[in-house]
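Asker: The following block contains the structure, expressed as structure tokens.
The values are calculated or read from the model by the stated rules, or taken from the named source; none is laboratory data. Quantities reported herein were computed from a predicted structural model and do not represent experimental measurements. When we count neighbours, we look across all protein chains shown, and the Cβ atoms used for this are built from the backbone with ideal geometry, even at glycine. Just the protein is used for accessible areas: all its heavy atoms, side chains included, with ligands, DNA and RNA removed. Shrake-Rupley method; radii C 1.70, N 1.55, O 1.52, S 1.80 Å.
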Amino acid sequence: MVRFRGLCLAFGLTACASAPAPRAAGWSGLALGEHAVRLEVHDMGRHRALVFWPAAGEGTPATIASFVRAACGERDEKTTALMRRCLPQLSAALGSEGAIDAVAATVTATSLDASLETHRYPLVVLQGSVAGRGFDFVGLAEMLASHGYVVALPAPVDPPSQFAADFALIADLQQGIAQVVRELSADPGIDATRLALGGWSVGGVPTTLYALSNDDTDAIISFDSGAIYNYGAALVRSANADLAAYDGGLLLLNAGVTNAVPRDTSAMDAMTRATRREHVAPTMTHAHFSNQLGILRSLTQTEAERAAIRADYSEVAAVALEFLDEQLTP
């Protein structure tokens, strides 16, 4: 997918030389960088990806409803009905129709029409939950793109109605990751030699397996990934991948509040050649690593609860950004 980007860098125009000043925090409470952000949708058959680009200038601000329609591939259905059908977990967390409409109307720092500049950016692919349709990471993707990363959120177009963390599901998610990496790597605006993958919950299993089977991955981020729980670690080990062969960066962002699913870090521990870093968020649950189940749900709670969740998530996002800067800076 080839685009025409702004000509500032291509022709060295002095009027374009100065970067805009850093802006206020985005809708998810994350500190934005110097770039404006543009959202594009890549349809890839069985999978769809939301792709956030650093932009050359501001465009018309998008709303959360814009993200939902992009993730669900719908334009005409009423937003409340669309969210209840397409993102039932999010809708259930928000509760009333009024709460859903209020969140859907939230204005973001992302635009659908901002101009793109001529530059080559590192690529970050984030895989969320199966039913999240990429929405688990939209706030984080917006923030990372504003700091100079192209961030892709792949997801199945028709996720299974019943969740089962088996090889068939993992293989399908891994196929979507491979497809979005392949397509975006051909884009002149992306430096395919700088690639990082991140995953939350079950999404951490296919990102880990992709990195183990493809030597193009420079860094892995586990957002309390399923690969550190017993079901995911078993799937990673059963793939017979050479865990010790991975020699890129590895960041483990772990929830400090345990849940009912037993942890098993043996797969990650076996990556003995990785440059490893770990950060524990003491008050965060597994669900808080998702925009869908953490940040947005907090909008229906008290201001104090919302502030605490956003502070924890902001710290996690800052650690992730610092790690990416370390691993992907030439």
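Asker: Testing Pro122 on (1) under 19 Å from Met44 (Cα atoms); (2) buried (at least 24 other Cβ atoms within 10 Å of the Cβ); (3) in contact with a Lys or Arg (Cβ under 7 Å, 6 or more places away or on another chain), one condition comes back false. Which one is that?
Answerer: (1)
Asker: Got at least one residue in the range 173-193 being more than 30 Å from His119 (Cα to Cα), out of contact with any strand residue (DSSP E or B) (no Cβ under 8 Å at 6 or more places or on another chain) and hydrophobic (A, V, I, L, M, F, W, C)? Explain how you work it out, then say what you get.
Answerer: First, the residues of the range 173-193 that are more than 30 Å from His119 (Cα to Cα): none.
No, the range 173-193 contains no residue that is more than 30 Å from His119 (Cα to Cα), out of contact with any strand residue (DSSP E or B) (no Cβ under 8 Å at 6 or more places or on another chain) and hydrophobic (A, V, I, L, M, F, W, C).
Asker: Give me the pairs, please: first residue somewhere in the range 253-267 and open to solvent by less than 70 Å² (accessible area, probe 1.4 Å), second residue anywhere and of a type in the set (A, V, I, L, M, F, W, C) and in a loop (DSSP other than H, G, I, E, B), beta-carbon distance under 7 Å, and either six or more positions apart or on two chains.
Answerer: From the range 253-267, the pairs are Ala255/Met284; Gly256/Met284; Val257/Met284.
Asker: For Arg133, work out the one condition from (1) open to solvent by 10 Å² or more (accessible area, probe 1.4 Å); (2) out of contact with any Cys (no Cβ under 7 Å at 6 or more places or on another chain); (3) not hydrophobic (A, V, I, L, M, F, W, C) it doesn't fulfil.
Answerer: Every listed condition holds for Arg133 apart from (2).
Asker: On to the next question. Checking Ala141 against (1) closer than 30 Å to Ala104 by Cβ; (2) open to solvent by 10 Å² or more (accessible area, probe 1.4 Å): exactly one of these is not met. Which one?
Answerer: Condition (2) is where Ala141 drops out.
Asker: Suppose the filter is assigned to a helix (DSSP H, G or I), farther than 23 Å from Leu252 by Cα and in contact (Cβ under 8 Å) with a residue 12 or more places away in the chain; does Leu184 pass it? Steps first, answer last, please.
Answerer: Working: assigned to a helix (DSSP H, G or I): yes; farther than 23 Å from Leu252 by Cα: yes; in contact (Cβ under 8 Å) with a residue 12 or more places away in the chain: yes.
Yes, satisfied.
Asker: In this structure, does Ala171 turn out to be outside any loop (DSSP other than H, G, I, E, B), in contact (Cβ under 8 Å) with a residue 40 or more places away in the chain and surrounded by fewer than 17 Cβ atoms within 10 Å (Cβ to Cβ)?
Answerer: Criteria not met by Ala171.
Asker: If you take the residues in the range 218-241 that are open to solvent by less than 10 Å² (accessible area, probe 1.4 Å) and of a type outside the set (Gly, Ala, Ser), which one is nearest to Arg182 (Cα to Cα)?
Answerer: My answer is Ile220.
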